[in-house]
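Take a look at the structure below.
The values are calculated or read from the model by the stated rules, or taken from the named source; none is laboratory data. These numbers come from a predicted model, not from an experiment. Note: ideal-geometry Cβ built from the backbone for every residue, glycine included; neighbour counts use all protein chains shown. Just the protein is used for accessible areas: all its heavy atoms, side chains included, with ligands, DNA and RNA removed. Shrake-Rupley method; radii C 1.70, N 1.55, O 1.52, S 1.80 Å.
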Amino acid sequence: QLQLVESGGGLVQAGGSLRLSCAASVFTLRYRAIGWFRQAPGKEREGVSCISSSGGSKSYVDTVKGRFTISRDNAKSTVYLQMNSMKPEDTAVYYCAADRINRGCHGGEHDYWGQGTQVTVSS
């Protein structure tokens, strides 16, 4: 099965930046859209961003548009989420996710999830 591993989380001050990575440790992400989700304490999980298998299509939740940028390097089977101008509201555990069979970007359930990486933004 596909295994996803997130990295890059940590503590950052408001206005700062972090870059998250989502890498496939087994098999490839080449033919799959990859989504980033986050869950903050006391809140439901929400979709943050998604990138199509080729990288040609990208989507973002309104609250991060203009601040976050998703990209991918299929040769490395890695998807990135560059987070700039971070706000305390961005504090959450961030997960990347993929489908067993590529279904494009969507905000619903996925078949594979990483373990999550904690992002904390201090004010």
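Could you tell me which numbered condition Q118 fails, if it satisfies all but one of (1) in contact with an Asp or Glu (Cβ under 9 Å, 6 or more places away or on another chain); (2) open to solvent by 50 Å² or more (accessible area, probe 1.4 Å); (3) more than 25 Å from S57 (Cα to Cα)? The failed condition is (1). For the range 8-33, the set of residues classified as outside any loop (DSSP other than H, G, I, E, B), open to solvent by less than 60 Å² (accessible area, probe 1.4 Å) and modelled with pLDDT of 95 or more consists of G10, V12, L18, L20, S21, C22, listed by residue number.
The residues on offer are S59, S71, and the sole one that is over 16 Å from S21 (Cα atoms), of a type outside the set (A, V, I, L, M, F, W, C), touching a strand residue (DSSP E or B) at 6+ places or on another chain (Cβ under 9 Å) and assigned to a strand (DSSP E or B) is S59.
Here are the criteria: (1) part of a strand (DSSP E or B); (2) over 17 Å from G10 (Cβ atoms); (3) open to solvent by less than 60 Å² (accessible area, probe 1.4 Å); (4) not aromatic (F, W, Y). Tell me which single one L81 does not satisfy. (2) is the only condition that L81 fails. The single condition among (1) of a type outside the set (A, V, I, L, M, F, W, C); (2) under 24 Å from V12 (Cα atoms); (3) surrounded by fewer than 14 Cβ atoms within 10 Å (Cβ to Cβ) that E109 does not satisfy is (2). Restricting A92, A75, A98 to residues that are open to solvent by less than 20 Å² (accessible area, probe 1.4 Å), over 18 Å from A40 (Cα atoms) and of a type in the set (G, A, S) narrows the list to A98.
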